[in-house]
1. Under the condition of being surrounded by fewer than 19 Cβ atoms within 10 Å (Cβ to Cβ), out of contact with any strand residue (DSSP E or B) (no Cβ under 6 Å at 6 or more places or on another chain) and in contact (Cβ under 8 Å) with a residue 60 or more places away in the chain, which residue from segment 141-164 is farthest from residue 200 (Cα to Cα)?
2. Looking at 113, 81 in this structure, which one is in contact with a helix residue (DSSP H, G or I) (Cβ under 7 Å, 6 or more places away or on another chain) and modelled with pLDDT of 75 or more?
3. Could you check segment 58-74 and list, in sequence order, the residues that are under 20 Å from residue 100 (Cβ atoms) and surrounded by 22 or more Cβ atoms within 10 Å (Cβ to Cβ)?
4. For segment 204-227, does any single residue satisfy the condition of being surrounded by 20 or more Cβ atoms within 10 Å (Cβ to Cβ), farther than 20 Å from residue 77 by Cβ, modelled with pLDDT of 90 or more and under 19 Å from the mean Cα position of the chain (by Cα)?
5. So which residues in segment 208-221 are part of a strand (DSSP E or B), under 14 Å from residue 247 (Cβ atoms) and either touching a helix residue (DSSP H, G or I) at 6+ places or on another chain (Cβ under 7 Å) or without any contact (Cβ under 8 Å) to a residue 12 or more places away in the chain (or both), if there are any at all?
6. Quick check on segment 235-285: of everything there that is without any contact (Cβ under 8 Å) to a residue 12 or more places away in the chain and touching a helix residue (DSSP H, G or I) at 6+ places or on another chain (Cβ under 6 Å), which residue is surrounded by the most Cβ atoms within 10 Å (Cβ to Cβ)?
7. State all residues of segment 42-57 that are buried (at least 24 other Cβ atoms within 10 Å of the Cβ), at pLDDT 95 or above and closer than 22 Å to residue 187 by Cβ; if no residue qualifies, say none.
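The values are calculated or read from the model by the stated rules, or taken from the named source; none is laboratory data. If you're wondering where the values come from, they're calculated on a predicted model, not measured in any experiment. No Cβ is skipped: glycine too gets one built from the backbone with ideal geometry, and neighbour counts run over all protein chains shown.
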């Protein structure tokens, strides 16, 4: 085995590389005030849309924000924001900057490196862990108020890697009002408790459907389940976000940021409440 020995100890080149990456991760994280992991117990609850729109809302209010897509098998962030390409990470050339979506929002996603939205990422745990660590160590995030990480559903390698790599990360858990979603959310809450990750709060997404014709709310998936679960599990409830077909349309078109132009919409008022709670929490620290 090729080893490098110092006074009283030996280390392999792999150990030295890991130690250097740990140092780079620590240096980057010291310049980021708050790190928020957006997660969900199951798929189909609109988690990526919530992550992207919160990043847009926070950056629109003047916060410097990084949006890191760690859903490696099914990245959605580039599609929602119509980002094509934008990153080149070449072996041995050090750190690179995130894609500059705006003056206050930088974005990183594996899809931006692959260049093919339809490419299948067939990776086991070690490769996924390595990629997420590189997103934190090799990307020049700079000084940020928020780093928002969009994680795949469940409690697998990706959220666990974020929890282990970013010790002060906070979880924002997304659910829908249905019991089948809430059952998995309880698992996410218990995951956070097991790995000692602070829970920022629970967001109930698709809480009522806003009719585009009469603006009335219809409880397609029920309502109130998220708030009830938050109370039962002893975690903060950040708010209920209605389903709005205008958000679906703009997200599909890669123009999610255009929804912010219609501040009078009920969905924007709901996000405003969530964002206000997050910013108030920052002010009280």
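1. 142
2. On the way: 113 fails: in contact with a helix residue (DSSP H, G or I) (Cβ under 7 Å, 6 or more places away or on another chain).
After ruling out the rest, the residue left standing is 81.
3. Going through segment 58-74, the residues under 20 Å from residue 100 (Cβ atoms) turn out to be 58-70.
58, 59, 65, 66, 67, 68, 69, 70, listed by residue number.
4. Among the residues of segment 204-227, at least one is surrounded by 20 or more Cβ atoms within 10 Å (Cβ to Cβ), farther than 20 Å from residue 77 by Cβ, modelled with pLDDT of 90 or more and under 19 Å from the mean Cα position of the chain (by Cα), which makes the answer yes.
5. 210 - this is the single residue of segment 208-221 that is part of a strand (DSSP E or B), under 14 Å from residue 247 (Cβ atoms) and either touching a helix residue (DSSP H, G or I) at 6+ places or on another chain (Cβ under 7 Å) or without any contact (Cβ under 8 Å) to a residue 12 or more places away in the chain (or both).
6. 250
7. Once the filter is applied, which keeps residues that are buried (at least 24 other Cβ atoms within 10 Å of the Cβ), at pLDDT 95 or above and closer than 22 Å to residue 187 by Cβ, segment 42-57 yields 47, 48, 51.
For (1) modelled with pLDDT under 95; (2) under 16 Å from residue 45 (Cα atoms); (3) assigned to a helix (DSSP H, G or I); (4) more than 18 Å from the chain's Cα centre (by Cα), each residue gets a yes or a no:
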residue	(1), (2), (3), (4)
186	yes, yes, yes, yes
199	no, no, no, no
259	no, no, yes, yes
275	no, no, yes, no
